[in-house]
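First up is the structure itself, then whatever we jot down about it.
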Amino acid sequence: MGRVKSPEKYQEYYSIIRKESERLTGLINNILDFSRIEAGRKEYDFRQTDLKELVHSTLDSYRYQIEQQGFAFEEDIAQDLPPVVVDREAIARSLLNLVNNALKYSQDQKFIGVHLFRDNGSVKLEVVDHGIGIPENEQPRISKSSIG
């Protein structure tokens, strides 16, 4: 329609649209995945994975939304991580769920930190925010686990 005059603006808008479509596709796949889990039909595909690359590329699809909502964002990914055997999609969805929850429930203190590091023979992925938290009576339903 000729509204975008410069190639730079065209690239900027294209990048935003692409990242937002990736984010929305992820949300739709997440809903479908939950229905498969609840029906007992979820199958996992475990493969050796470079977790640094997976976490960085997964976060990249949400970076625009994080910035648009005014969040301070801290990404701390250790470089000395070994490959791990995981289901890439399951890890990416879990990470996006945690980031999405931080976006939804951190109204006053807008901070999201994602840390990927080695700890005592394990690889750990943490998402830190300053949201309202999980009610104490719901916390037993959540299990903490290490990757690897």
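Summary table
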{"read-out": "Exposure rank, largest accessible area first [Arg88, Arg141, Arg63; 1.4 Å]", "value": "Arg141, Arg88, Arg63"}
{"read-out": "Accessible surface of the chain, 1.4 Å probe, proportion on carbon and sulfur as whole %", "value": "50"}
{"read-out": "Violating pairs (Cα-Cα greater than 23 angstrom) within the set Lys19/Lys52; Lys9/Lys110; Lys9/Lys52; Lys19/Lys124", "value": "Lys9/Lys110; Lys9/Lys52; Lys19/Lys124"}
{"read-out": "Average accessible area per residue (Å²) across the chain - probe 1.4 Å, nucleic acids and ligands excluded", "value": "69"}
{"read-out": "Rg and Dmax of the range 60-124, Cα atoms only, in Å", "value": "13.3, 37"}
{"read-out": "Among Leu27, Phe117, Gln79 the positive-end extreme of the charge dipole of the chain (Cβ point charges)", "value": "Leu27"}
{"read-out": "With 10 Å bins from 0: P(r) over the chain, alpha-carbon pairs, percent", "value": "9, 33, 37, 16, 4, 1"}
{"read-out": "Theoretical gain in end-to-end length, Thr25 to Glu12 [0.36 nm per residue, Cα-Cα removed]", "value": "2.7 nm"}
{"read-out": "Fraction of the pair-distance distribution of the range 1-73 above 15 Å, Cα-Cα pairs, percent", "value": "71"}
{"read-out": "Added length on full extension, which subtracts the Cα-Cα distance from 0.36 nm per residue, Asn137 to Ala39", "value": "32.7 nm"}
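The values are calculated or read from the model by the stated rules, or taken from the named source; none is laboratory data. Note that the structure is predicted; figures quoted are calculated from it, not measured. Note: ideal-geometry Cβ built from the backbone for every residue, glycine included; neighbour counts use all protein chains shown. For accessibility, only protein heavy atoms count, side chains too; no ligands or nucleic acids. Shrake-Rupley method; radii C 1.70, N 1.55, O 1.52, S 1.80 Å.
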